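Take a look at the structure below.
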Amino acid sequence: GGFMLAVSKVDRGERTEVADLFAGFKINFSQLLVVGAIFLGLGMVLFIVAAVAVFAAVALGFDLEGGLSPGLLFAAVMVVMLSMLLIMMLMFTMSYATVLVMLGNDQPADAYQLAFKAFIVNFLPFLIYGLVSSLLYLLGILPLFLGLLIVSPWMTIAIYTGVKDMFPHMARTT
């Protein structure tokens with residue numbers, strides 16, 4: 001939240017301070033905790049459902065004499081791919097919901113709902129953004145994680161810009 005406030009202040013031409021980076025502990029703190037709790041709860045449910053589905057597909061398809069059935073192995077791989085897509089969606093909605101709560105004073109449930117709708121409407125751009133940002137983070141990790149000092153602020157600015165472009169009420173408040 002605090003990084004988004006700093007980016008927002010820079011966008012408005014205001015001066016930023018180190019204290020801005022910790023503003024998430026002062027501004028809408030309880031609402032941001034709810035955003036995090038929703039993310040944690042949905043993430044745990046998603047993980048449990050995916051793990052049970054993969055385990056069931058592998059367990060049901062395993063034959064002691066013939067090994068693993070190719071059809072059920074394919075089903076297990078598809079469950080993993082679907083889980084990755086849902087995790088990506090959850091990550092994007094959480095990132096966008098955080099900005100909507102921090103800067104737009106939206107309620108956490110409303111923020112998640114708006115972010116989810118934005119994800120669905122802009123699925124292909126989000127997919128491309130997810131692949132590019134994953135590649136950038138991977139490249140940022142390679143030089144002893146020092147590249148993350150460059151990649152992380154870029155991604156923060158990209159998320160802020162996306163929120164500002166997709167949500168008209170944010171363009172007025174930021």
query = Roughly how many debye, to the nearest 20, is the charge dipole of the chain about its Cα centre, given +1 on each Lys and Arg Cβ, -1 on each Asp and Glu Cβ, and no other charges?
reply = 460
note = Here the FRET efficiency for Val80 versus Asp110, based on Cβ atoms and R0 = 35 Å and rounded to 0.05, is 0.65
message = For the stretch 10-114, what does the relative contact order come out to in percent, with C-alpha contacts under 8 Å and a separation of six or more?
response = 33
ask   = Any idea which of Met166, Phe55, Pro108 is furthest toward the positive side of the dipole for the stretch 36-174, if Lys and Arg beta-carbons carry +1 and Asp and Glu beta-carbons -1?
value = Met166
remark   = For the chain, the accessible surface attributable to carbon and sulfur atoms (probe 1.4 angstrom, ligands and nucleic acids excluded) amounts in percent to 77
ask   = To the nearest 10 degrees, how steep is helix 123-141 against the longest Cα principal axis of the chain, on a 0 to 90 scale?
value = 90
note = Given [x] 16.2, 51; [y] 26.2, 103; [z] 19.4, 70 as possible values of Rg and Dmax of the Cα atoms in Å, the one from the coordinates is [z]
key: On Cα atoms only, tilt of 29-61 relative to the major axis of the chain in degrees   = 10
query = Looking at Trp154, Leu144, Ala37, which one has the Cα that reaches farthest to the positive end of the dipole of the chain (charges on Cβ: Lys, Arg +1; Asp, Glu -1)?
reply = Trp154
message = Within 10 Å of each candidate Cβ there may be at most 14 other Cβ atoms; applying that plus a DSSP loop requirement, which chymotrypsin sites (Phe, Trp or Tyr not before Pro) in the stretch 83-166 survive?
response = Phe145
Hits among lysines - C-alpha to C-alpha of Lys26 under 24 Å, sequence gap 8 or more where chains match = Lys9, Lys164
The stretch 1-45: trypsin sites (Lys or Arg not before Pro) in DSSP coil with no more than 12 other Cβ atoms inside 10 Å = Arg12, Arg15, Lys26
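The values are calculated or read from the model by the stated rules, or taken from the named source; none is laboratory data. On a predicted model such as this, the values are computed, not experimentally measured, just so you know. Quick reminder, even Gly has a Cβ in these numbers, built from the backbone with ideal geometry, and neighbours come from all protein chains shown. Protein only, heavy atoms only, side chains kept; ligands, DNA and RNA dropped before computing areas. Shrake-Rupley method; radii C 1.70, N 1.55, O 1.52, S 1.80 Å.
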